[in-house]
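Working notes, beginning with the structure itself.
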Amino acid sequence: MPAVPFDYHAPATLAEAVSLLGSLGEDAKPLAGGQSLLPLLTLRLVRPRAVVDLHRLDELRAVRRDGGTLEVGALVRHRALERGEGPLVLCPLLQEAAALIGNVRVRALGTIGGSLAHADPAAELPAAVRALDGTILVQGAAGARAIPAEEFFAGLLTTALRPDELLTAVRLPLPGPRTGHAVEEFSRRAGDFAIVAAFAVVQLDAAGRVAAARVALAGCGPTPRRLDAVERALVGLAPSEEEIRRVVAHRPLEIEPDSDVHASAAYRRHLAGVLTVRALARAAAGARAFGP
Ligand SMILES: Cc1cc2nc3c(=O)[nH]c(=O)nc-3n(C[C@H](O)[C@H](O)[C@H](O)COP(=O)(O)OP(=O)(O)OC[C@H]3O[C@@H](n4cnc5c(N)ncnc54)[C@H](O)[C@@H]3O)c2cc1C
């Protein structure tokens with residue numbers, strides 16, 4: 001089925017794009033890699049009056065290291081993340097997460113900004129950015145905003161972005177010393193959206209105990225979920241796999257999985273526990289590999 005006809009705009013600058021979105025309002029949709037928007041258009045699940053193509057906005061392709069943070073432009077493609085191109089190599093969790101997205105054709109076109117703005121609850125990058133404590137940078141007619149990832153993902157396919165705003169970049173704190181990371185995903189076939197995926201970051205102190213732990217889940221509710229109780233309980237422990245399993249088993253997993261054609265809520269809850277333990281254990285092993 002062809003898409004409903006729409007006006008096509010390809011602004012040359014971010015200022016022009018933002019001003020266009022300001023004047024078109026809810027009638028317009030930004031287009032990045034098109035890997036989610038084009039299927040929605042051709043299925044007529046969205047019917048914008050105008051599409052604002054972002055491909056000429058080179059300023060959204062930049063990747064910058066600034067002290068202890070990495071700023072990744074919205075138009076950076078999944079494939080660049082997967083390959084760890086340039087300074088992206090400093091953020092190995094993104095590399096591992098991006099490698100699990102779809103297939104190489106999708107990764108060659110899809111962008112980090114598109115994935116975060118689309119906010120699919122089973123997508124890898126929103127949960128990875130939650131686990132990394134990222135901040136989403138947006139620009140609208142009224143100015144720029146920096147939105148912590150925990151506030152950005154507001155509900156199923158819903159974010160804090162206003163219709164006149166563009167996601168411009170994501171800012172990520174760089175891993176400190178003795179920090180390990182891991183992604184553990186379960187999907188029916190390689191490249192499918194996750195049924196459940198766990199994204200873990202563990203930092204150890206000089207004595208090998210947990211100084212900080214973060215874990216986020218995809219596929220366990222309308223937005224990516226952090227497991228705050230598990231994270232807090234791990235601090236100060238020597239994180240053997242057995243100890244991690246004990247902590248996870250005795251803490252409520254703050255998730256609301258739904259049943260659907262892919263899996264029941266109970267099965268997703270089971271997977272969440274198993275994958276959380278595996279991801280935390282592998283992240284802790286990675287952190288130990290850095291030595292004291
Ligand atoms: C076969 C197939 C398999 C896939 N498998 C997976 C998978 O396993 N895991 C996964 O996570 N994803 C998967 N995807 C989706 C893919 O990752 C998309 O690339 C991603 O969801 C959207 O990125 P995009 O750049 O293509 O955005 P687009 O499709 O261009 O846009 C997506 C949405 O975000 C908005 N948008 C885009 N950029 C911006 C911006 N800068 N500011 C504001 N709004 C913006 C658009 O208006 C639209 O609403 C798959 C897609 C396909 C076709």
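Since every read-out is calculated from the coordinates, none of them should be taken as a lab result. This structure is a prediction, so every number in the text was calculated from the model and none was measured. Neighbour counts are summed over all protein chains in view; Cβ atoms, including those assigned to glycine, are modelled from backbone coordinates with ideal geometry.
List of remarks:
- Within segment 92-118, considering residues that are among the β-branched types (Val, Ile, Thr) and in a helix (DSSP H, G or I), the one farthest from the ligand (Cβ to nearest atom): 104
- Of the listed requirements (1) away from the ligand (no atom under 12 Å from the Cβ); (2) more than 23 Å from residue 186 (Cβ to Cβ); (3) touching a residue at least 24 places away in the same chain (Cβ under 8 Å), residue 85 misses just one: (3).
- If the condition is being surrounded by 23 or more Cβ atoms within 10 Å (Cβ to Cβ) and either closer than 16 Å to residue 289 by Cα or among the small types (Gly, Ala, Ser) (or both), then segment 205-225 contributes 210, 213, 216, 218, 219.
- Selected residue (only one of 20, 70, 54, 14 is near the ligand (Cβ under 9 Å from one of its atoms) and among the aliphatic types (A, V, I, L, M)): 54
- Filtered residues of segment 34-64 (kept if of a type in the set (Lys, Arg) and in contact with a Gly (Cβ under 9 Å, 6 or more places away or on another chain)): 61, 64
- Candidates 72, 89, filtered to the one that is part of a helix (DSSP H, G or I), touching a helix residue (DSSP H, G or I) at 6+ places or on another chain (Cβ under 9 Å) and β-branched (Val, Ile, Thr): 89
- Among the residues listed as 210, 247, 183, the single one being over 22 Å from residue 118 (Cα atoms) and touching a residue at least 40 places away in the same chain (Cβ under 8 Å): 210
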